[in-house]
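Quick notes on the structure that follows.
The values are calculated or read from the model by the stated rules, or taken from the named source; none is laboratory data. A quick note: this is a predicted structure, and the numbers were derived from the prediction, not measured. Quick reminder, even Gly has a Cβ in these numbers, built from the backbone with ideal geometry, and neighbours come from all protein chains shown.
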Amino acid sequence: MSFRLPLASTAAALAALGALAAPAQAQETGATASEARKANVTPVVMTPQSVNAAAAFTCSTYSGNFLPDSNSPFGVIYWSNGTEECFGIAPSGTIWHSWPNSGGWKEMPHNGRGVYVYAGYDYPGYGKAIEVMSSTGKFWCSFLDYETNTWGGWYENGSGAC
């Protein structure tokens, strides 16, 4: 289960931002308990935010500039452990995130690119994942493993939860 945002104006966002590259070649995170995680996924609430132009968005007192889109150039995810984390797509297509006491917006590792923050997935005891849509209309995921506290490489998601 997951919470997914509506895709009403995704085509317009893709047309306007078609020059952005998709993430680097898909790289599996190497997680060995993938199916176990998917069986235990907890839906998270993602609150889309909207802007009229590339504009500043503030999360946990940190401000950053994000794409103009009526869908979801950035969103707030409330994880099951009670923390909130914001994800955003910069005008360059890079993916950023911020959380309380992070010291500011941090670029997601592994050179991901997107036009749309699509969903967040919570896997209690294992980790969490973020899914974005690229300018090609494909969906890409990155998984944070709680054991190593590291984000894995971006990998293409064909269907279902990351």
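Quick notes on this structure:
- All positions within the stretch 100-148 that are of a type outside the set (S, T, N, Q), more than 13 Å from the chain's Cα centre (by Cα) and under 16 Å from Phe57 (Cα atoms): Pro100, Gly103, Gly104, Trp105
- Evaluation of Asn111 against the conditions (1) modelled with pLDDT of 90 or more; (2) assigned to a strand (DSSP E or B) shows that the sole unmet condition is (2).
- Top-ranked residue of the stretch 133-153 - restricted to ones that are part of a strand (DSSP E or B) and in contact with a Lys or Arg (Cβ under 8 Å, 6 or more places away or on another chain), ranked as surrounded by the most Cβ atoms within 10 Å (Cβ to Cβ): Phe143
- Residue identified as at pLDDT below 90, part of a loop (DSSP other than H, G, I, E, B) and within 23 Å of Asn149 (Cβ to Cβ) among Asn71, Asn81: Asn81
- Test: Ala119 is at pLDDT 85 or above and assigned to a strand (DSSP E or B): yes
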